[in-house]
Amino acid sequence: MSAKYPHLFEPLDLGHTTLKNRVVMGSMHTGLEDMPWDIGKLAAYFAARAKGGVGLIITGGYSPNITGWLLPAGAKMSSPIDSLLHKRVTDAVHKEGGKIAMQLLHAGRYSYNPLSASASAIKAPINPFKPRAMSDFEVRKTIRDFGNAARTAQKAGYDGVEVMGGEGYLINQFLAARTNKRTDRWGSSAENRQRFPVEIVKEIRKRCGKNFIVVFRLSMADFVEEGQTREEILSLAHKLEDAGVDILNTDIGWHEARVPTIVTSVPRAAFAAFTADVTRAVNIPVCAANRINMPATAEELLERGDAQLVQIARPLLADPEWANKARDERAEEINTCIGCNQACLDHAFVHKKVSCLVNPRAGRETDLVLAPTRSAKRVAVVGAGPAGLSAAVSAAECGHKVELFEASERIGGQFGYAAKIPGKEEFNETIRYFTTMLDRNQVTVHLNTQADVDDLAGKFDEVIIATGVVPRVPSFPGSTTRRSSRTPKRSAAPRRSATPSRSWAPEGSASTWPSSSPPTSPLPCTSTSGTPSGASPARATYRASSPSRPRHRRPGRRCTCCSARARRRASAWARPPAGCTAPR
């Protein structure tokens with residue numbers, strides 16, 4: 001029990017088991033779930049969070065069958081082999097005194113899979129594949145597959161499962177009139193649309209018994225046209241409680257919704273009112289979620305009675321010791337999630353392994369091991385931007401004597417500039433964290449000091465140069481900033497974004513992408529200087545020395561014109577495919 005956060009660290013009795021506190025690690029797909037050779041890294045990743053003190057961990061989504069894959073050959077839980085592999089994960093978590101539940105997720109029309117199926121044959125605006133409408137037999141088989149997946153997870157040692165009923169995935173697709181145009185017993189009315197998730201919960205209870213945690217992640221605000229109404233959501237919450245759900249978890253918005261829910265500009269706990277409505281309507285614990293990144297915010301929600309638990313996901317990427325630090329009243333030492341999405345969601349969208357901008361060890365616990373040194377050294381770090389701060393703190397934590405040199409009057413570097421942008425005030429939390437950790441680890445900081453060779457030579461065993469980069473100077477039309485001679489000129493041509501941006505929109509607003517959304521094909525190459533449009537010459541892969549040779553990207557890179565990957569040939573160059581407009 002923590003004197004400062006008494007509600008947050010109060011145990012929760014579920015009847016058949018007890019959670020040691022009210023902190024739930026929410027589901028995040030890290031990219032470590034899909035391939036069996038990553039299971040050891042996944043085990044270490046979850047074990048670090050269990051050691052960090054959370055009451056319950058929920059994994060990334062696992063499909064109950066191949067139709068529900070997020071990606072071809074993606075994560076699933078359907079066979080004894082899957083169960084055997086996951087014993088390594090559950091054993092690692094239980095060894096650290098934690099509890100873990102597997103999320104069961106059927107992607108429905110969000111599956112990047114030509115086998116995708118949904119309530120109705122309606123294509124998602126964010127997916128190239130049109131799903132087929134499930135037959136009555138397929139619906140009933142999918143219910144059984146959820147039960148089988150839960151039983152398989154139970155055999156693997158999981159303490160429970162979470163059924164993903166939000167984010168616009170399959171169950172949400174059955175619940176909303178937007179995507180359910182059926183006229184049979186699984187559609188045509190709110191009661192019929194709600195039959196599918198209720199039957200799934202009943203099947204899981206039948207297969208796994210009473211002594212098994214069942215969490216249902218309920219969409220408490222769809223934020224799309226023809227989404228569920230408030231009355232329908234509360235009605236479903238009652239039915240799920242009667243069916244045997246132990247905990248209702250909060251989900252806000254569909255993936256195709258145009259209302260931001262987790263970016264840094266969204267206020268902390270901005271959607272707690274939706275959770276509070278459900279909390280006051282049911283008699284089982286309800287978990288709040290979305291933009292809860294510090295213990296004071298979590299404690300306030302619990303104290304008000306808006307929820308009985310709080311879910312934090314990305315904050316545990318940023319700092320696996322979040323719960324322990326809060327319990328020990330060391331909140332100032334928490335490496336706070338700033339909601340930037342740059343190494344978590346941005347990586348996930350392009351199928352890279354997920355990590356964290358402020359904690360690169362996230363998901364790489366077996367690769368980036370920081371152990372105590374056997375021989376302490378005197379280390380100089382030049383530059384107090386984020387890289388220099390991280391290097392200084394990490395070296396000091398390993399036992400080295402560290403001195404940090406910064407030419408300006410404050411630490412933070414360009415992070416300090418970013419924090420001045422309206423909506424990015426959370427970036428100040430990173431500077432606060434490093435200020436605290438420099439003091440805790442007794443790092444000597446020299447501000448207003450331009451370190452040179454004479455200052456460092458012979459005084460230090462190691463020198464780390466972390467002086468950052470030359471800032472990019474704007475060159476868009478109307479810019480009045482004079483270009484620095486040190487800054488390479490960049491083309492003003494627009495760059496293609498990997499993911500559509502979202503903007504604030506009222507509940508019930510249209511969720512189809514606007515006509516100005518990013519094109520599905522790359523922008524044409526307009527460069528005539530041998531540099532791809534929108535790219536710096538420092539990173540260019542074109543060769544301008546021989547105009548007679550085709551200027552196509554080198555093997556392993558994509559052309560900005562045709563998006564084709566150049567094939568490796570005997571020479572270093574590849575012939576552009578037909579139709580490529582890159583200069584030759």
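The values are calculated or read from the model by the stated rules, or taken from the named source; none is laboratory data. None of these values were measured; they are calculated from a predicted model. For neighbour counting, all protein chains shown are included, and Cβ atoms are generated from backbone atoms with ideal geometry for every residue, glycine included. Note: accessible area is taken over every heavy atom of the protein model, side chains too, but ligands, DNA and RNA are not part of it. Shrake-Rupley method; radii C 1.70, N 1.55, O 1.52, S 1.80 Å.
Counting only residues that are over 27 Å from the mean Cα position of the chain (by Cα) and assigned to a loop (DSSP other than H, G, I, E, B), which one in region 131-148 is surrounded by the fewest Cβ atoms within 10 Å (Cβ to Cβ)?
Per the criteria, the residue is S135.
Can you list residue pairs whose Cβ atoms sit under 8 Å apart, with the first residue in region 379-406 being at positive phi and the second being of a type outside the set (A, V, I, L, M)? Count only pairs 6 or more apart in sequence or on different chains.
From region 379-406, the pairs are G383/F405; G383/E406; G383/G413; G383/T467; G383/G468; G399/P372; G399/T373.
Identify all residues within region 76-128 that are more than 15 Å from K155 (Cα to Cα), touching a Ser or Thr at 6+ places or on another chain (Cβ under 9 Å) and part of a helix (DSSP H, G or I); write none if there are none.
Passing the criteria: G108, R109, Y110.
Being surrounded by fewer than 23 Cβ atoms within 10 Å (Cβ to Cβ) and either in contact (Cβ under 8 Å) with a residue 60 or more places away in the chain or part of a strand (DSSP E or B) (or both) is the filter here; which residues of region 61-75 pass it?
Residues satisfying the conditions are N65, L71.
When you check V259 against the structure, is it in a loop (DSSP other than H, G, I, E, B), touching a Phe, Trp or Tyr at 6+ places or on another chain (Cβ under 8 Å) and more than 29 Å from M437 (Cα to Cα), yes or no? Before you say what the answer is, go through the steps one by one.
Numbers: in a loop (DSSP other than H, G, I, E, B): yes; touching a Phe, Trp or Tyr at 6+ places or on another chain (Cβ under 8 Å): yes; more than 29 Å from M437 (Cα to Cα): yes.
In short, yes.
Which of the numbered conditions does L368 fail, given that it passes all the others? Conditions: (1) without any contact (Cβ under 8 Å) to a residue 24 or more places away in the chain; (2) farther than 19 Å from L316 by Cα.
Just one mismatch for L368, condition (2).
Identify the residue in region 233-256 that is of a type in the set (G, A, S) and either in a helix (DSSP H, G or I) or closer than 17 Å to A273 by Cβ (or both) and, among all such residues, is most open to solvent (accessible area, probe 1.4 Å). Reasoning before the result, please.
Of the residues in region 233-256, the ones of a type in the set (G, A, S) are 235, 237, 243-244, 253.
Remaining after also requiring either in a helix (DSSP H, G or I) or closer than 17 Å to A273 by Cβ (or both): 235, 237, 243, 253.
Working: S235: 44, A237: 0, A243: 15, G253: 2 Å².
Residue satisfying both the conditions and the ranking: S235.
Looking only at region 468-483, decide whether some residue is at positive phi and either surrounded by 10 or more Cβ atoms within 10 Å (Cβ to Cβ) or modelled with pLDDT of 90 or more (or both). Before you say what the answer is, go through the steps one by one.
Just the residues of region 468-483 that are at positive phi, to begin with: 468, 478.
Pick out the ones that are also either surrounded by 10 or more Cβ atoms within 10 Å (Cβ to Cβ) or modelled with pLDDT of 90 or more (or both) and you get 468.
Checked region 468-483: at least one residue is at positive phi and either surrounded by 10 or more Cβ atoms within 10 Å (Cβ to Cβ) or modelled with pLDDT of 90 or more (or both).
Under 6 Å between Cβ atoms, which residue pairs at least 6 apart in sequence (or on different chains) link something in region 438-453 that is surrounded by 13 or more Cβ atoms within 10 Å (Cβ to Cβ) with a partner that is assigned to a loop (DSSP other than H, G, I, E, B)?
Sorted first by the residue in region 438-453, then by its partner, the pairs are L447/E406; L447/E409.
I need the full set of residues from region 102-118 which are of a type in the set (A, V, I, L, M), farther than 16 Å from V163 by Cβ and buried (at least 21 other Cβ atoms within 10 Å of the Cβ), in order please. Break it down stepwise before answering.
If we filter region 102-118 for residues that are of a type in the set (A, V, I, L, M), which is where we start, we get 102, 104-105, 107, 115, 117.
The next check asks that each one be farther than 16 Å from V163 by Cβ; those that pass are 115, 117.
The one that is of a type in the set (A, V, I, L, M), farther than 16 Å from V163 by Cβ and buried (at least 21 other Cβ atoms within 10 Å of the Cβ): A117.
Is it true that L85 is modelled with pLDDT under 95 and within 21 Å of G31 (Cβ to Cβ)?
Judged against the criteria, L85 is a match.
Does W37 fit the bill of being open to solvent by 10 Å² or more (accessible area, probe 1.4 Å), over 26 Å from I284 (Cα atoms) and without any contact (Cβ under 8 Å) to a residue 12 or more places away in the chain?
Details: open to solvent by 10 Å² or more (accessible area, probe 1.4 Å): yes; over 26 Å from I284 (Cα atoms): yes; without any contact (Cβ under 8 Å) to a residue 12 or more places away in the chain: yes.
Yes; evaluated as a whole, the condition is true for this residue.
Do we have any residue at all in region 129-139 that's under 17 Å from M77 (Cβ atoms) and touching a residue at least 12 places away in the same chain (Cβ under 8 Å)?
First, the residues of region 129-139 that are under 17 Å from M77 (Cβ atoms): none.
No, region 129-139 contains no residue that is under 17 Å from M77 (Cβ atoms) and touching a residue at least 12 places away in the same chain (Cβ under 8 Å).
Being surrounded by fewer than 21 Cβ atoms within 10 Å (Cβ to Cβ) and either in contact with a helix residue (DSSP H, G or I) (Cβ under 9 Å, 6 or more places away or on another chain) or under 22 Å from T449 (Cβ atoms) (or both) is the filter here; which residues of region 421-432 pass it?
Listed by number, the residues that qualify are I421, K424, N428, I431, R432.
So which of F405, F349 ends up being surrounded by 14 or more Cβ atoms within 10 Å (Cβ to Cβ) and either touching a helix residue (DSSP H, G or I) at 6+ places or on another chain (Cβ under 6 Å) or of a type outside the set (S, T, N, Q) (or both)?
On the way: F349 fails: surrounded by 14 or more Cβ atoms within 10 Å (Cβ to Cβ).
Selected residue: F405, the only one of F405, F349 that is surrounded by 14 or more Cβ atoms within 10 Å (Cβ to Cβ) and either touching a helix residue (DSSP H, G or I) at 6+ places or on another chain (Cβ under 6 Å) or of a type outside the set (S, T, N, Q) (or both).
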